[in-house]
Structures are given as C-alpha cells and as structure tokens.
C-alpha cells in the first residue's frame, strides 16, 4: 500500500463507497466522473463491468475508495452471472457507504432486488437518480421520488447526470461526510489500485463490446499474455481474446482480419492516452468452449474472488 497523504487533517475521512445497481444504469460513468479519469470501461450492453474496480477520489476533506461493481441482475443461469452477482453483493456488504444508482423515472424488479440486498447492511445508504437530463417532464420526478425514496431507508437522495457531471459534486460531498475518520490510504496522484496489465485487458474488451456487442454479449474475454516496457518508452503488449466457439472467432477476426485490426487499433490508442506512452499491441483470438460456465476458466480469467 502506498504512503499516506501528508496533508491529512484531524477530521480527514477515508473509506469505501460501493456503487451498486442493476445493469446499465450508469455505474461506471459515475465512477469515471467522480475519479476524473476514464477508469471503468463503458458499453451499451448490460454487464459491461465484470470486475469490482477500485477508483480513488482524493479531496482535502477526505479520500473515497470507490467500488465500481457489476450490475446486480436476476439471471443466474450461467456461472459467470452468478459470479458477477457475488462480486456486487460482497462489495455492498463490505463498503462503508452504499450508493444505490437507479435510472430517473424508472424502477424495476432488479432495482427492488438491489434494495433488498442493501437492507442487509447497516451502513449509510444513498439513493442516486441518474440520467435526469434525459427526463422530458421533470414534474414527474417528484412523485417518483416520493415513491422510491420517501421513507427513511436511504440517508439521502440525489439527482444527477453522470454523463454531464451534473450534481456529482454534491454527491461526492455527501459520501465523504459519511465515511469514517481516518488517514488517506493512497497518495493523491493515484486513481486506482489496478495494474496497467488489468486496464489494458479492459480497454481491449471495451472495444469488443462496442463493436461486437450484438454478436458477443458475454462470450468474449481478454487475457494479457505478456506486458513489457522498453527503455524507449514503448510498451509491448500481447493479448489473447477468448471466445466460446469457432464461429465467434471468425466474427472477432472479421473479413480479411479487418475487425480484429480495428479493435486493436482503437484499444491501442486508448492505452496511449491512459498510460501516457506509446503501446505496441498484438492480438490473437482463441477458443475455449463454454468458458462462461467453467469455474477453472473463470478463475484463470480473474472473475473469481
């Protein structure tokens, strides 16, 4: 663990805040807005986030250790679905503050499932309505607020647009106020405890989701096979894209290899920006049948806690 912040005041606060919610409500977008860095990958499909990712927010008043979690969902048919739910439940159970993110104007059975999970925690709970900017009739939000946040289950209710960062500062302040007193656990410049190796794999998977989400919603994952830095400021990264069937391999490669080339090019540019140096990326596509239901494969690919 890194050395603590030398500027800690006696009333400084530090602790974990889990961002929980059903799939596709904007949890990763909120984490990125709070951290100020594009840490968590974002995609149009549910369950883009598959890992519990730590984002670090350092302010003069305190340090928030944000936990971006997979979306809690009712589908437990496959081993990977069950593992994603376990990761989200564990984060909610361990956090000092739980932030329940929902879509403004919409409450589903899966939102109710998240509330039920949070009922098991005695820690402060905040309800956050996201995508407020997409609401055409803002007058409808008041009765909706009364319906979902009118009792004392939540310690506070906030309206935000994570995409536009509207309302995020007030939420940040409320989280810090509810963290336990204590020194910072990371230096101010750090924004995650995840390695560049992990982030590289996520950036490749993001491009898979953006370009092939319809064909490969859950069937693809990424494994970094080698990651080496040279003296000239160049990182050489070799990565394998794993799919479940030969037909999916053909989809990822594309005609004449064009799809794989486009995925690699976009991921490489994203790594250049995030790492602040040049990256040389080589990709291969490999097949492991039904890896989403294979506990050993889930362990190997980093999905088992």
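The values are calculated or read from the model by the stated rules, or taken from the named source; none is laboratory data. Predicted model, so just to flag it, every value in this text is computed and none were measured. Positions of Cβ are backbone-derived with ideal geometry, glycine not excepted, and every protein chain shown enters the neighbour counts.
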Subject >> Condition broken by residue 205, with the remaining ones in (1) under 17 Å from the mean Cα position of the chain (by Cα); (2) farther than 30 Å from residue 251 by Cβ satisfied >> reply: (2)
Original post:
Within the set of pairs 6 or more residues apart or between chains, which connect a residue that is on the phi < 0 side of the Ramachandran plot inside region 203-220 to a residue that is at pLDDT below 75 and part of a helix (DSSP H, G or I) with Cβ atoms less than 7 Å apart?
Top reply: 218/80
Subject >> Filtered residues of region 165-189 (kept if over 17 Å from residue 12 (Cα atoms) and not assigned by TED's automatic domain parsing to the domain that holds residue 28) >> reply: 189
Subject >> region 136-159, residues that are touching a residue at least 24 places away in the same chain (Cβ under 8 Å), out of contact with any helix residue (DSSP H, G or I) (no Cβ under 6 Å at 6 or more places or on another chain) and surrounded by 15 or more Cβ atoms within 10 Å (Cβ to Cβ) >> reply: 141, 144, 148, 154, 155
Original post:
Among helices (runs of 4 or more DSSP H) lying entirely in region 241-301, which contain 3 or more residues that are modelled with pLDDT of 95 or more and exposed (fewer than 14 other Cβ atoms within 10 Å of the Cβ)?
Top reply: 258-275
**OP:** Report yes if some residue within region 131-152 is closer than 23 Å to residue 53 by Cβ and under 21 Å from the mean Cα position of the chain (by Cα); otherwise report no.
**Re:** yes
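Residue-by-condition table, conditions (1) at pLDDT 95 or above; (2) in contact with a helix residue (DSSP H, G or I) (Cβ under 8 Å, 6 or more places away or on another chain); (3) over 21 Å from residue 263 (Cβ atoms):
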| site | (1), (2), (3) |
| --- | --- |
| 180 | yes, no, yes |
| 188 | no, no, yes |
| 200 | no, yes, no |
| 211 | no, yes, no |
| 215 | no, yes, no |
| 220 | no, yes, no |
| 233 | no, no, yes |
**OP:** Given the conditions (1) outside any loop (DSSP other than H, G, I, E, B); (2) surrounded by 20 or more Cβ atoms within 10 Å (Cβ to Cβ), report the number of the one that residue 116 does not fulfil.
**Re:** (2)
Subject >> Only listed residue being buried (at least 20 other Cβ atoms within 10 Å of the Cβ) and not assigned by TED's automatic domain parsing to the domain that holds residue 54, chosen from 125, 205 >> reply: 205
Original post:
Quick check: anything in region 226-239 surrounded by 18 or more Cβ atoms within 10 Å (Cβ to Cβ), in contact (Cβ under 8 Å) with a residue 24 or more places away in the chain and farther than 28 Å from residue 277 by Cβ?
Top reply: no
